[in-house]
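Okay, so here's the structure we're looking at.
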Amino acid sequence: MKKIGRNEPCPCGSGRKFKQCHLGKEDELSPKEMDDFTVEMSSLITDLPAVWYGRSREMVDKLDIKTLTGTSAGIRFVDLKAYQSLNLSGDRSTAEEKSGAGGILINVLKTKPSDPDNLYMAISPDIGDSALIHQLAHVLDYLGGSRLAPGIAKPLSFELGLPSEHLEHPHEFAYWLDYLRKEFDVQLDADDSIVDFLFENQMLIKGLDIEKQDQTVLKMKSEQMMRFLSERSGEIDALICELPGYIGSRVKKD
């Protein structure tokens, strides 16, 4: 990706200066801003040594990607710190991940130029099961779920003024999260337990609605989700209060 001056307009189209908008958060830019990510830059990522932290090998070996999604893409894991040290993205905000362990799905537009056959995840040595299946759910959602374009959620949430998590975790993502939770007997952390609760109650936004980018529909469904969370806050708090990642009761806040 070409270097953008700190005081230049942000390529996301917000009208703000780059330093005030997506500086340090380049992975949140939409696909059109990733067009000039070169093969050489891509190779810096795909040439990183493969790692197998946590239960990553067990899970990938057991998942039949072809059967589940209809695609033959592979999954490769690289070290999170090694990836971040390349300074090709603004993943600093995701360095501290669920349950104190790190994991991110690297934007496929960054790795496709040099390795179109694999998706890449950057993970830390102490990655927990919940964080791992969270990222694997993103992989399955991309390959055989909502199939949303990489990087669309956060710029769209910024544009519409919606919570980014409402668009980052569509209904189809939660379907795969639930599948992986059951398949590998994983206790979800607090945040993902809320996603799972929303999924069970049919409150998550469908990928097709996000793809259409209909502002009226997305805002309406986001508001419905927020109202549902407020109305069921006591039940949700009881559900997550003893789980990793719990930050305190949300009942009084609502």
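A quick yes/no check of all residues on (1) under 20 Å from the mean Cα position of the chain (by Cα); (2) of a type in the set (D, E, K, R):
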| position | (1), (2) |
| --- | --- |
| 162 | yes, no |
| 196 | yes, yes |
| 210 | yes, no |
| 218 | yes, no |
| 228 | no, no |
*Just a yes or no: is a residue in the range 212-223 modelled with pLDDT under 95, closer than 24 Å to residue 131 by Cα and assigned to a loop (DSSP other than H, G, I, E, B)?*
no
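Of all residues in the range 166-182, which are of a type outside the set (A, V, I, L, M, F, W, C) and either farther than 17 Å from residue 225 by Cα or in contact (Cβ under 8 Å) with a residue 24 or more places away in the chain (or both)? Break it down into steps so the answer makes sense when it comes.
Residues of the range 166-182 that are of a type outside the set (A, V, I, L, M, F, W, C), as a first pass: 166, 168-172, 175, 178-179, 181-182.
166, 169, 170, 171, 172, 175, 178, 179, 181, 182, listed by residue number.
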*Please find, among 160, 156, the residue that is surrounded by fewer than 18 Cβ atoms within 10 Å (Cβ to Cβ) and either at pLDDT below 95 or touching an Asp or Glu at 6+ places or on another chain (Cβ under 6 Å) (or both).*
160
*Kindly check whether there is at least one residue in the range 112-133 that is surrounded by 18 or more Cβ atoms within 10 Å (Cβ to Cβ), part of a loop (DSSP other than H, G, I, E, B) and among the hydrophobic types (A, V, I, L, M, F, W, C).*
yes
_If residue 173 meets every condition in (1) in contact with a Leu (Cβ under 7 Å, 6 or more places away or on another chain); (2) surrounded by 14 or more Cβ atoms within 10 Å (Cβ to Cβ) apart from one, which number is that one?_
(1)
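The values are calculated or read from the model by the stated rules, or taken from the named source; none is laboratory data. What you see is a predicted model, and the numbers here were worked out from it, not measured in a lab. All Cβ positions, glycine included, derive from the backbone under ideal geometry; neighbour counts span all protein chains shown.
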